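Notes follow once the structure below has been shown.
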There are 2 protein chains.
Amino acid sequence: MTETPSRRAQIVDSAAQLFAQKGVGATTVREIADSVGVLSGSLYHHFESKDAIVDEVLGGYLDALRGRYASALARGTSATECLRELVLTSLQVAEEQPYATAIYQNELHYLREQPRFKDVQAAAANVQKTWMGVIESGVASGEFRGDIEPRVFYRLIRDALWLSARWHKPSTDYPTETLAEDVTSVFLNGFIAQSKPTRVRANSRGGRAQRPAKKA
Amino acid sequence: MTETPSRRAQIVDSAAQLFAQKGVGATTVREIADSVGVLSGSLYHHFESKDAIVDEVLGGYLDALRGRYASALARGTSATECLRELVLTSLQVAEEQPYATAIYQNELHYLREQPRFKDVQAAAANVQKTWMGVIESGVASGEFRGDIEPRVFYRLIRDALWLSARWHKPSTDYPTETLAEDVTSVFLNGFIAQSKPTRVRANSRGGRAQRPAKKA
DNA sequence: GTCTATACATCGATAGAC
DNA sequence: GTCTATCGATGTATAGAC
(Lines give C-alpha, C1' and ligand atoms only; values in the text may rest on other atoms or scores of the structure.)
Protein backbone atom coordinates (compact mmCIF):
# COMPACT_ATOMS: atom_id res chain seq x y z
CA MET A 1 0.00 0.00 0.00
CA THR A 2 2.94 2.23 -0.50
CA GLU A 3 1.85 3.93 -3.64
CA THR A 4 -1.51 4.93 -4.84
CA PRO A 5 -0.78 7.94 -6.95
CA SER A 6 -4.44 8.56 -7.20
CA ARG A 7 -5.71 11.13 -9.58
CA ARG A 8 -7.00 13.07 -6.65
CA ALA A 9 -3.51 13.28 -5.17
CA GLN A 10 -2.08 14.25 -8.52
CA ILE A 11 -4.55 17.08 -8.78
CA VAL A 12 -3.73 18.33 -5.30
CA ASP A 13 0.01 18.23 -5.96
CA SER A 14 -0.16 19.93 -9.32
CA ALA A 15 -2.59 22.54 -8.08
CA ALA A 16 -0.37 23.30 -5.10
CA GLN A 17 2.56 24.00 -7.38
CA LEU A 18 0.52 26.26 -9.63
CA PHE A 19 -1.10 28.09 -6.72
CA ALA A 20 2.33 28.73 -5.25
CA GLN A 21 3.84 29.98 -8.48
CA LYS A 22 1.04 32.13 -9.82
CA GLY A 23 -1.30 32.68 -6.94
CA VAL A 24 -4.64 31.01 -6.31
CA GLY A 25 -6.71 33.60 -8.09
CA ALA A 26 -4.48 33.65 -11.14
CA THR A 27 -4.47 29.89 -11.54
CA THR A 28 -7.24 28.53 -13.74
CA VAL A 29 -8.88 25.16 -13.49
CA ARG A 30 -7.84 24.53 -17.07
CA GLU A 31 -4.20 24.95 -16.11
CA ILE A 32 -4.61 22.51 -13.26
CA ALA A 33 -6.29 20.03 -15.57
CA ASP A 34 -3.57 20.44 -18.20
CA SER A 35 -0.83 19.82 -15.66
CA VAL A 36 -2.29 16.44 -14.74
CA GLY A 37 -3.20 15.53 -18.30
CA VAL A 38 -6.97 15.71 -18.27
CA LEU A 39 -9.57 18.20 -19.38
CA SER A 40 -10.99 20.80 -17.08
CA GLY A 41 -14.39 19.24 -16.82
CA SER A 42 -12.88 16.05 -15.43
CA LEU A 43 -11.62 17.84 -12.36
CA TYR A 44 -15.15 18.20 -11.13
CA HIS A 45 -15.50 14.47 -10.78
CA HIS A 46 -12.89 14.66 -7.99
CA PHE A 47 -13.57 18.08 -6.51
CA GLU A 48 -16.72 20.08 -6.36
CA SER A 49 -14.96 23.38 -6.93
CA LYS A 50 -11.62 25.11 -7.26
CA ASP A 51 -11.90 26.31 -3.68
CA ALA A 52 -12.23 22.72 -2.54
CA ILE A 53 -8.80 22.03 -4.01
CA VAL A 54 -7.37 24.99 -2.12
CA ASP A 55 -8.98 23.64 1.02
CA GLU A 56 -7.38 20.24 0.60
CA VAL A 57 -3.94 21.64 -0.16
CA LEU A 58 -3.84 23.90 2.89
CA GLY A 59 -5.77 21.61 5.17
CA GLY A 60 -3.32 18.76 4.76
CA TYR A 61 -0.41 21.10 5.12
CA LEU A 62 -1.60 22.72 8.31
CA ASP A 63 -2.51 19.39 9.87
CA ALA A 64 1.02 18.17 9.24
CA LEU A 65 2.47 21.37 10.61
CA ARG A 66 0.49 21.15 13.79
CA GLY A 67 1.63 17.59 14.37
CA ARG A 68 5.26 18.47 13.79
CA TYR A 69 5.02 21.42 16.15
CA ALA A 70 3.72 19.17 18.89
CA SER A 71 6.74 16.91 18.48
CA ALA A 72 9.06 19.90 18.43
CA LEU A 73 7.73 21.28 21.70
CA ALA A 74 8.12 17.85 23.30
CA ARG A 75 11.84 17.94 22.52
CA GLY A 76 12.47 21.30 24.16
CA THR A 77 12.79 21.94 27.87
CA SER A 78 13.45 25.67 27.93
CA ALA A 79 11.78 28.40 25.92
CA THR A 80 15.02 28.95 24.06
CA GLU A 81 15.21 25.30 23.08
CA CYS A 82 11.56 25.24 22.11
CA LEU A 83 12.03 28.28 19.92
CA ARG A 84 15.01 26.64 18.29
CA GLU A 85 12.96 23.55 17.61
CA LEU A 86 10.07 25.55 16.19
CA VAL A 87 12.42 27.32 13.79
CA LEU A 88 14.02 24.12 12.59
CA THR A 89 10.71 22.33 12.29
CA SER A 90 9.17 25.18 10.32
CA LEU A 91 12.02 25.20 7.87
CA GLN A 92 11.92 21.43 7.52
CA VAL A 93 8.21 21.50 6.79
CA ALA A 94 8.79 24.34 4.35
CA GLU A 95 11.38 22.20 2.62
CA GLU A 96 9.13 19.16 2.50
CA GLN A 97 6.08 21.07 1.33
CA PRO A 98 7.40 24.19 -0.36
CA TYR A 99 4.31 24.84 -2.44
CA ALA A 100 1.84 24.66 0.40
CA THR A 101 4.16 26.82 2.47
CA ALA A 102 4.26 29.46 -0.22
CA ILE A 103 0.49 29.48 -0.57
CA TYR A 104 0.09 29.71 3.17
CA GLN A 105 2.24 32.79 3.54
CA ASN A 106 1.28 34.45 0.27
CA GLU A 107 -2.46 34.21 0.50
CA LEU A 108 -3.46 33.75 4.08
CA HIS A 109 -4.56 37.36 4.28
CA TYR A 110 -6.74 36.81 1.24
CA LEU A 111 -8.25 33.56 2.49
CA ARG A 112 -8.91 35.21 5.81
CA GLU A 113 -11.79 37.20 4.35
CA GLN A 114 -13.68 34.22 3.00
CA PRO A 115 -15.74 32.24 5.49
CA ARG A 116 -15.26 29.21 3.31
CA PHE A 117 -11.76 28.69 4.65
CA LYS A 118 -12.54 28.91 8.31
CA ASP A 119 -10.83 25.57 8.98
CA VAL A 120 -7.66 26.98 7.52
CA GLN A 121 -8.06 30.07 9.64
CA ALA A 122 -8.51 28.00 12.77
CA ALA A 123 -5.38 25.98 12.02
CA ALA A 124 -3.43 29.16 11.39
CA ALA A 125 -4.62 30.55 14.72
CA ASN A 126 -3.40 27.36 16.37
CA VAL A 127 0.04 27.84 14.85
CA GLN A 128 0.19 31.35 16.21
CA LYS A 129 -0.88 30.15 19.63
CA THR A 130 1.97 27.65 19.69
CA TRP A 131 4.56 30.31 18.95
CA MET A 132 3.10 32.84 21.35
CA GLY A 133 3.07 30.28 24.15
CA VAL A 134 6.77 29.63 23.76
CA ILE A 135 7.66 33.30 23.46
CA GLU A 136 5.60 34.39 26.44
CA SER A 137 6.91 31.61 28.62
CA GLY A 138 10.42 32.70 27.73
CA VAL A 139 9.68 36.25 28.72
CA ALA A 140 8.12 35.06 31.94
CA SER A 141 11.16 32.93 32.79
CA GLY A 142 13.56 35.75 32.04
CA GLU A 143 15.16 33.98 29.10
CA PHE A 144 13.78 36.52 26.65
CA ARG A 145 13.66 40.27 26.78
CA GLY A 146 10.71 41.89 28.46
CA ASP A 147 10.98 45.21 26.66
CA ILE A 148 9.84 43.84 23.31
CA GLU A 149 6.20 42.97 22.87
CA PRO A 150 5.95 39.19 22.43
CA ARG A 151 3.50 39.71 19.61
CA VAL A 152 5.93 41.99 17.79
CA PHE A 153 8.76 39.50 18.12
CA TYR A 154 6.50 36.71 16.93
CA ARG A 155 5.50 38.58 13.82
CA LEU A 156 9.07 39.52 12.99
CA ILE A 157 10.41 35.99 13.22
CA ARG A 158 7.32 34.52 11.61
CA ASP A 159 7.60 36.64 8.50
CA ALA A 160 11.36 36.22 8.19
CA LEU A 161 11.03 32.49 8.74
CA TRP A 162 8.18 31.62 6.42
CA LEU A 163 9.26 33.89 3.63
CA SER A 164 12.58 32.13 3.50
CA ALA A 165 10.72 29.52 1.50
CA ARG A 166 10.69 32.08 -1.30
CA TRP A 167 14.44 32.23 -1.62
CA HIS A 168 15.96 29.27 0.19
CA LYS A 169 16.62 26.25 -1.94
CA PRO A 170 18.17 23.52 0.23
CA SER A 171 21.60 22.44 -0.93
CA THR A 172 24.68 20.79 0.50
CA ASP A 173 26.33 24.19 0.63
CA TYR A 174 23.56 25.71 2.69
CA PRO A 175 21.29 23.02 4.08
CA THR A 176 18.10 23.63 5.99
CA GLU A 177 19.78 22.90 9.32
CA THR A 178 22.33 25.65 8.75
CA LEU A 179 19.65 28.14 7.81
CA ALA A 180 17.77 27.19 10.96
CA GLU A 181 20.89 27.84 13.03
CA ASP A 182 21.40 31.20 11.36
CA VAL A 183 17.81 32.29 11.85
CA THR A 184 17.84 31.24 15.48
CA SER A 185 21.19 32.86 16.09
CA VAL A 186 20.24 36.18 14.50
CA PHE A 187 16.93 36.43 16.29
CA LEU A 188 18.26 35.32 19.66
CA ASN A 189 21.76 36.81 19.67
CA GLY A 190 21.58 39.56 17.08
CA PHE A 191 23.76 40.52 14.17
CA ILE A 192 26.15 42.68 16.15
CA ALA A 193 29.57 41.09 16.29
CA GLN A 194 30.13 39.24 19.56
CA SER A 195 33.02 40.13 21.80
CA LYS A 196 34.70 36.80 21.14
CA PRO A 197 37.43 37.53 18.59
CA THR A 198 36.99 34.32 16.72
CA ARG A 199 36.73 35.84 13.32
CA VAL A 200 39.37 34.60 10.96
CA ARG A 201 38.83 37.07 8.22
CA ALA A 202 41.50 39.72 8.22
CA ASN A 203 40.37 43.11 7.18
CA SER A 204 43.33 45.27 8.06
CA ARG A 205 43.81 46.34 4.50
CA GLY A 206 40.59 45.76 2.80
CA GLY A 207 39.49 47.07 -0.54
CA ARG A 208 36.06 47.56 0.86
CA ALA A 209 34.91 50.92 1.98
CA GLN A 210 33.78 51.43 5.54
CA ARG A 211 30.69 53.05 4.31
CA PRO A 212 28.67 52.40 1.22
CA ALA A 213 29.45 54.87 -1.48
CA LYS A 214 27.02 57.68 -1.74
CA LYS A 215 25.73 58.49 -5.12
CA ALA A 216 24.78 61.82 -6.47
CA MET B 1 3.86 73.97 -7.30
CA THR B 2 0.38 73.00 -6.35
CA GLU B 3 -0.56 69.83 -8.12
CA THR B 4 -4.10 69.60 -9.24
CA PRO B 5 -5.71 66.41 -8.03
CA SER B 6 -5.99 65.24 -11.58
CA ARG B 7 -8.14 62.36 -12.56
CA ARG B 8 -5.02 60.50 -13.44
CA ALA B 9 -3.77 60.85 -9.86
CA GLN B 10 -7.15 59.81 -8.52
CA ILE B 11 -7.01 56.67 -10.60
CA VAL B 12 -3.53 55.83 -9.40
CA ASP B 13 -4.47 56.33 -5.76
CA SER B 14 -7.67 54.35 -5.92
CA ALA B 15 -6.05 51.57 -7.90
CA ALA B 16 -3.19 51.33 -5.41
CA GLN B 17 -5.64 50.81 -2.57
CA LEU B 18 -7.54 48.13 -4.44
CA PHE B 19 -4.39 46.37 -5.62
CA ALA B 20 -3.13 46.27 -2.06
CA GLN B 21 -6.37 44.96 -0.61
CA LYS B 22 -7.31 42.37 -3.19
CA GLY B 23 -4.22 41.78 -5.25
CA VAL B 24 -3.46 43.10 -8.71
CA GLY B 25 -4.87 40.11 -10.55
CA ALA B 26 -8.07 40.07 -8.53
CA THR B 27 -8.78 43.77 -9.03
CA THR B 28 -10.85 44.59 -12.08
CA VAL B 29 -10.77 47.75 -14.12
CA ARG B 30 -14.45 48.14 -13.39
CA GLU B 31 -13.72 48.29 -9.68
CA ILE B 32 -11.05 50.90 -10.23
CA ALA B 33 -13.43 52.94 -12.36
CA ASP B 34 -16.19 52.66 -9.76
CA SER B 35 -13.91 53.82 -6.99
CA VAL B 36 -13.15 57.07 -8.83
CA GLY B 37 -16.71 57.54 -10.06
CA VAL B 38 -16.38 56.91 -13.78
CA LEU B 39 -17.13 54.01 -16.08
CA SER B 40 -14.53 51.46 -16.99
CA GLY B 41 -14.16 52.62 -20.57
CA SER B 42 -13.14 56.07 -19.40
CA LEU B 43 -10.02 54.73 -17.73
CA TYR B 44 -8.51 54.03 -21.10
CA HIS B 45 -8.45 57.71 -21.90
CA HIS B 46 -5.84 58.08 -19.13
CA PHE B 47 -4.03 54.75 -19.26
CA GLU B 48 -3.49 52.40 -22.11
CA SER B 49 -3.96 49.31 -19.97
CA LYS B 50 -4.38 47.99 -16.46
CA ASP B 51 -0.71 47.08 -16.34
CA ALA B 52 0.17 50.69 -17.08
CA ILE B 53 -1.59 51.67 -13.86
CA VAL B 54 0.40 49.09 -11.94
CA ASP B 55 3.55 50.50 -13.50
CA GLU B 56 2.74 54.01 -12.38
CA VAL B 57 1.82 52.98 -8.85
CA LEU B 58 5.02 51.04 -8.24
CA GLY B 59 7.27 53.31 -10.27
CA GLY B 60 6.39 56.37 -8.22
CA TYR B 61 6.71 54.41 -5.02
CA LEU B 62 10.12 52.99 -5.77
CA ASP B 63 11.43 56.33 -6.97
CA ALA B 64 10.42 57.87 -3.67
CA LEU B 65 11.94 54.98 -1.73
CA ARG B 66 15.24 55.32 -3.51
CA GLY B 67 15.40 59.02 -2.73
CA ARG B 68 14.63 58.46 0.92
CA TYR B 69 17.27 55.75 1.17
CA ALA B 70 19.87 58.14 -0.19
CA SER B 71 19.01 60.65 2.53
CA ALA B 72 19.07 57.92 5.15
CA LEU B 73 22.56 56.78 4.23
CA ALA B 74 23.78 60.37 4.33
CA ARG B 75 22.73 60.58 7.97
CA GLY B 76 24.67 57.50 9.08
CA THR B 77 28.36 57.31 9.74
CA SER B 78 28.75 53.68 10.75
CA ALA B 79 27.15 50.61 9.24
CA THR B 80 25.14 50.18 12.41
CA GLU B 81 23.78 53.69 12.14
CA CYS B 82 23.09 53.29 8.44
CA LEU B 83 21.18 50.10 9.12
CA ARG B 84 19.19 51.84 11.80
CA GLU B 85 18.36 54.65 9.38
CA LEU B 86 17.34 52.21 6.65
CA VAL B 87 14.98 50.45 9.03
CA LEU B 88 13.35 53.66 10.20
CA THR B 89 13.12 55.05 6.68
CA SER B 90 11.56 51.87 5.35
CA LEU B 91 8.91 51.90 8.04
CA GLN B 92 8.21 55.59 7.51
CA VAL B 93 7.77 55.07 3.78
CA ALA B 94 5.56 52.08 4.51
CA GLU B 95 3.46 54.29 6.74
CA GLU B 96 3.23 57.08 4.16
CA GLN B 97 2.46 54.79 1.25
CA PRO B 98 0.95 51.69 2.77
CA TYR B 99 -0.82 50.55 -0.37
CA ALA B 100 2.18 50.72 -2.65
CA THR B 101 4.24 49.02 0.04
CA ALA B 102 1.78 46.17 0.27
CA ILE B 103 1.72 45.72 -3.48
CA TYR B 104 5.49 45.81 -3.60
CA GLN B 105 5.96 43.02 -1.09
CA ASN B 106 2.93 40.96 -2.03
CA GLU B 107 3.42 40.78 -5.75
CA LEU B 108 7.01 41.50 -6.59
CA HIS B 109 7.62 37.83 -7.24
CA TYR B 110 4.73 37.81 -9.65
CA LEU B 111 5.78 40.98 -11.47
CA ARG B 112 9.28 39.62 -11.71
CA GLU B 113 8.28 37.18 -14.41
CA GLN B 114 6.79 39.73 -16.72
CA PRO B 115 9.23 41.71 -18.87
CA ARG B 116 6.75 44.55 -18.91
CA PHE B 117 7.77 45.57 -15.41
CA LYS B 118 11.50 45.66 -15.94
CA ASP B 119 11.70 49.21 -14.60
CA VAL B 120 10.15 48.03 -11.37
CA GLN B 121 12.58 45.14 -11.25
CA ALA B 122 15.53 47.46 -11.75
CA ALA B 123 14.36 49.73 -8.94
CA ALA B 124 13.90 46.73 -6.67
CA ALA B 125 17.43 45.59 -7.47
CA ASN B 126 18.66 49.03 -6.52
CA VAL B 127 16.95 48.77 -3.15
CA GLN B 128 18.64 45.45 -2.52
CA LYS B 129 22.00 46.89 -3.51
CA THR B 130 21.60 49.66 -0.94
CA TRP B 131 20.96 47.23 1.87
CA MET B 132 23.69 44.84 0.85
CA GLY B 133 26.21 47.66 0.71
CA VAL B 134 25.50 48.64 4.29
CA ILE B 135 25.52 45.08 5.55
CA GLU B 136 28.72 44.10 3.79
CA SER B 137 30.52 47.22 4.94
CA GLY B 138 29.49 46.43 8.49
CA VAL B 139 30.86 42.92 8.20
CA ALA B 140 34.07 44.27 6.73
CA SER B 141 34.49 46.79 9.52
CA GLY B 142 33.87 44.20 12.19
CA GLU B 143 30.66 45.77 13.42
CA PHE B 144 28.58 42.85 12.17
CA ARG B 145 29.09 39.13 12.44
CA GLY B 146 31.11 37.46 9.76
CA ASP B 147 29.65 34.01 10.30
CA ILE B 148 26.26 34.88 8.83
CA GLU B 149 25.99 35.34 5.10
CA PRO B 150 25.19 39.00 4.42
CA ARG B 151 22.63 37.94 1.87
CA VAL B 152 20.88 35.73 4.43
CA PHE B 153 20.75 38.49 6.99
CA TYR B 154 19.46 40.90 4.38
CA ARG B 155 16.62 38.63 3.41
CA LEU B 156 15.64 37.97 7.00
CA ILE B 157 15.42 41.62 7.97
CA ARG B 158 13.90 42.60 4.65
CA ASP B 159 11.00 40.19 4.96
CA ALA B 160 10.37 40.96 8.62
CA LEU B 161 10.57 44.66 7.92
CA TRP B 162 8.38 44.99 4.86
CA LEU B 163 5.76 42.56 6.01
CA SER B 164 5.23 44.62 9.13
CA ALA B 165 3.14 46.81 6.86
CA ARG B 166 0.60 43.99 6.93
CA TRP B 167 0.01 44.18 10.65
CA HIS B 168 1.42 47.45 11.95
CA LYS B 169 -1.02 50.31 12.11
CA PRO B 170 0.74 53.36 13.50
CA SER B 171 -0.75 54.65 16.72
CA THR B 172 0.29 56.74 19.66
CA ASP B 173 0.66 53.57 21.71
CA TYR B 174 3.03 52.00 19.24
CA PRO B 175 4.30 54.57 16.78
CA THR B 176 6.48 53.85 13.79
CA GLU B 177 9.60 55.10 15.57
CA THR B 178 9.14 52.59 18.37
CA LEU B 179 8.62 49.74 15.92
CA ALA B 180 11.79 50.83 14.14
CA GLU B 181 13.69 50.70 17.43
CA ASP B 182 12.33 47.27 18.21
CA VAL B 183 13.17 45.87 14.79
CA THR B 184 16.66 47.29 14.93
CA SER B 185 17.19 46.09 18.46
CA VAL B 186 16.02 42.55 17.80
CA PHE B 187 18.04 42.14 14.64
CA LEU B 188 21.20 43.73 16.04
CA ASN B 189 21.10 42.62 19.67
CA GLY B 190 18.83 39.61 19.66
CA PHE B 191 15.87 38.57 21.75
CA ILE B 192 17.87 36.86 24.48
CA ALA B 193 17.67 38.74 27.75
CA GLN B 194 20.89 40.67 28.20
CA SER B 195 21.26 40.40 31.94
CA LYS B 196 20.47 37.32 33.93
CA PRO B 197 19.01 38.14 37.30
CA THR B 198 20.03 34.83 38.82
CA ARG B 199 23.69 35.16 38.13
CA VAL B 200 26.21 37.92 38.26
CA ARG B 201 28.52 37.72 35.34
CA ALA B 202 30.99 40.06 33.81
CA ASN B 203 29.39 41.46 30.78
CA SER B 204 31.32 43.95 28.75
CA ARG B 205 28.49 44.41 26.32
CA GLY B 206 26.47 46.99 28.13
CA GLY B 207 26.04 49.25 25.19
CA ARG B 208 22.97 47.93 23.51
CA ALA B 209 20.33 50.31 22.45
CA GLN B 210 18.13 51.43 25.26
CA ARG B 211 14.49 51.99 24.86
CA PRO B 212 13.61 55.53 25.92
CA ALA B 213 10.78 55.85 28.34
CA LYS B 214 7.50 55.87 26.58
CA LYS B 215 6.03 59.25 26.14
CA ALA B 216 2.47 60.11 26.86
C1' DG C 1 -13.21 63.66 -20.90
C1' DT C 2 -17.03 60.73 -20.14
C1' DC C 3 -20.54 58.22 -21.86
C1' DT C 4 -23.07 53.97 -24.30
C1' DA C 5 -22.46 49.83 -26.24
C1' DT C 6 -20.14 45.98 -27.35
C1' DA C 7 -16.38 42.93 -29.20
C1' DC C 8 -13.70 39.17 -27.84
C1' DA C 9 -11.39 36.14 -24.61
C1' DT C 10 -11.50 33.47 -20.66
C1' DC C 11 -13.27 32.21 -16.34
C1' DG C 12 -15.66 28.43 -13.17
C1' DA C 13 -18.85 25.11 -13.56
C1' DT C 14 -22.41 21.79 -15.67
C1' DA C 15 -24.77 18.05 -18.58
C1' DG C 16 -24.67 14.00 -20.82
C1' DA C 17 -22.31 10.66 -24.14
C1' DC C 18 -19.00 7.05 -23.86
C1' DG D 1 -13.45 8.43 -14.94
C1' DT D 2 -12.77 11.11 -18.94
C1' DC D 3 -14.52 13.14 -22.75
C1' DT D 4 -17.28 16.73 -25.73
C1' DA D 5 -19.70 20.70 -25.67
C1' DT D 6 -21.41 24.56 -23.77
C1' DC D 7 -23.66 27.83 -20.45
C1' DG D 8 -23.62 32.19 -17.98
C1' DA D 9 -20.74 35.40 -15.79
C1' DT D 10 -17.05 38.25 -15.95
C1' DG D 11 -12.61 39.95 -17.66
C1' DT D 12 -9.88 43.62 -20.61
C1' DA D 13 -10.18 46.61 -24.09
C1' DT D 14 -12.26 49.25 -28.08
C1' DA D 15 -15.31 52.37 -31.11
C1' DG D 16 -17.86 56.16 -31.65
C1' DA D 17 -21.60 59.44 -29.90
C1' DC D 18 -21.90 63.44 -27.01
*Which condition number does residue A:114 fail, the rest of (1) over 19 Å from the mean Cα position of the chain (by Cα); (2) away from chain B (no Cβ under 14 Å); (3) more than 22 Å from residue A:188 (Cβ to Cβ) being met?*
(2)
*Filter the stretch B:82-127 down to the residues that are among the charged types (D, E, K, R) and surrounded by fewer than 18 Cβ atoms within 10 Å (Cβ to Cβ), then identify the one that is modelled with the lowest pLDDT.*
B:113
*Filter result (under 23 Å from residue A:161 (Cα atoms) and of a type in the set (S, T, N, Q)) within the stretch B:111-157*: B:128, B:130
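Give the residue, chosen from B:147, B:182, that is buried (at least 17 other Cβ atoms within 10 Å of the Cβ), within 28 Å of residue B:74 (Cα to Cα), within 9 Å of chain A (Cβ to nearest Cβ) and among the acidic types (Asp, Glu). Before you say what the answer is, go through the steps one by one.
Numbers: B:147 fails: buried (at least 17 other Cβ atoms within 10 Å of the Cβ).
B:182 is the lone residue from the list that is buried (at least 17 other Cβ atoms within 10 Å of the Cβ), within 28 Å of residue B:74 (Cα to Cα), within 9 Å of chain A (Cβ to nearest Cβ) and among the acidic types (Asp, Glu).
Against the condition closer than 30 Å to residue A:111 by Cα, in contact (Cβ under 8 Å) with a residue 60 or more places away in the chain and within 16 Å of DNA strand C (Cβ to nearest atom), how does residue B:38 come out, does it pass? Before the answer, list the steps.
Numbers: closer than 30 Å to residue A:111 by Cα: yes; in contact (Cβ under 8 Å) with a residue 60 or more places away in the chain: no; within 16 Å of DNA strand C (Cβ to nearest atom): yes.
No: the conditions fail for residue B:38.
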*Residues of the stretch B:28-50 being charged (D, E, K, R) and surrounded by 14 or more Cβ atoms within 10 Å (Cβ to Cβ), which ones?*
B:31, B:34, B:50
*Where residue B:64 falls short, out of the listed (1) within 12 Å of DNA strand C (Cβ to nearest atom); (2) modelled with pLDDT of 95 or more; (3) under 23 Å from residue B:123 (Cβ atoms)*: (1)
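Among the residues of the stretch A:163-179, which ones are more than 10 Å from chain B (Cβ to nearest Cβ) and not polar (S, T, N, Q)? Outline the logic, then answer.
At the first step, the residues of the stretch A:163-179 found to be more than 10 Å from chain B (Cβ to nearest Cβ) are A:165, A:169-173, A:175-177.
Within the stretch A:163-179, A:165, A:169, A:170, A:173, A:175, A:177 qualify.
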*Would you say residue A:141 is touching a residue at least 40 places away in the same chain (Cβ under 8 Å) and small (Gly, Ala, Ser)?*
yes
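Looking only at the stretch A:89-100, filter to residues that are among the aliphatic types (A, V, I, L, M) and touching a residue at least 40 places away in the same chain (Cβ under 8 Å); which one of those is farthest from the other protein chains (Cβ to nearest Cβ)? Before the answer, list the steps.
So the first thing to find is which residues in the stretch A:89-100 are among the aliphatic types (A, V, I, L, M), and the list is A:91, A:93-94, A:100.
Now drop any that are not touching a residue at least 40 places away in the same chain (Cβ under 8 Å), which leaves A:91, A:94, A:100.
Values: A:91: 12, A:94: 13, A:100: 16 Å.
So the residue we want is A:100.
Within the stretch B:101-116, is even one residue within 11 Å of DNA strand D (Cβ to nearest atom), in contact (Cβ under 8 Å) with a residue 40 or more places away in the chain, at negative phi and assigned to a helix (DSSP H, G or I)?
Yes - at least one qualifying residue is present in the stretch B:101-116.
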*asked:* Being surrounded by fewer than 19 Cβ atoms within 10 Å (Cβ to Cβ) and without any contact (Cβ under 8 Å) to a residue 60 or more places away in the chain is true for just one of B:15, B:74. Which residue is that?
replied: B:74
*Given the residues B:140, B:160, which is the only one that is facing another protein chain (nearest Cβ under 7 Å), under 13 Å from the mean Cα position of the chain (by Cα) and within 22 Å of residue A:192 (Cβ to Cβ)?*
B:160
_Exactly one of these conditions fails for residue B:89: (1) over 18 Å from residue A:163 (Cβ atoms); (2) out of contact with any Lys or Arg (no Cβ under 9 Å at 6 or more places or on another chain). Give me its number._
(2)
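Can residue A:172 be described as over 28 Å from residue B:166 (Cβ atoms) and at pLDDT 95 or above? Explain how you work it out, then say what you get.
Working: over 28 Å from residue B:166 (Cβ atoms): yes; at pLDDT 95 or above: yes.
The answer is yes for residue A:172.
Tell me which helices (runs of 4 or more DSSP H) are completely within the stretch A:1-88 and hold 3 or more residues being within 14 Å of chain B (Cβ to nearest Cβ) and more than 13 Å from DNA strand D (Cβ to nearest atom), or say none if there are none. Talk me through it step by step, then tell me what you get.
On the way: elements: A:7-22, A:29-36, A:40-46, A:50-75.
Hits in the stretch A:1-88: A:7-22.
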*Considering every residue within the stretch A:185-206, establish whether at least one is in a helix (DSSP H, G or I), within 17 Å of the chain's Cα centre (by Cα), modelled with pLDDT of 95 or more and more than 9 Å from chain B (Cβ to nearest Cβ).*
no
*For residue B:165, indicate whether it is within 21 Å of residue B:73 (Cα to Cα) and not in a loop (DSSP other than H, G, I, E, B).*
no
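The values are calculated or read from the model by the stated rules, or taken from the named source; none is laboratory data. What you see is a predicted model, and the numbers here were worked out from it, not measured in a lab. Positions of Cβ are generated from backbone atoms using ideal geometry, with glycine treated the same way; all protein chains shown enter the neighbour counts.
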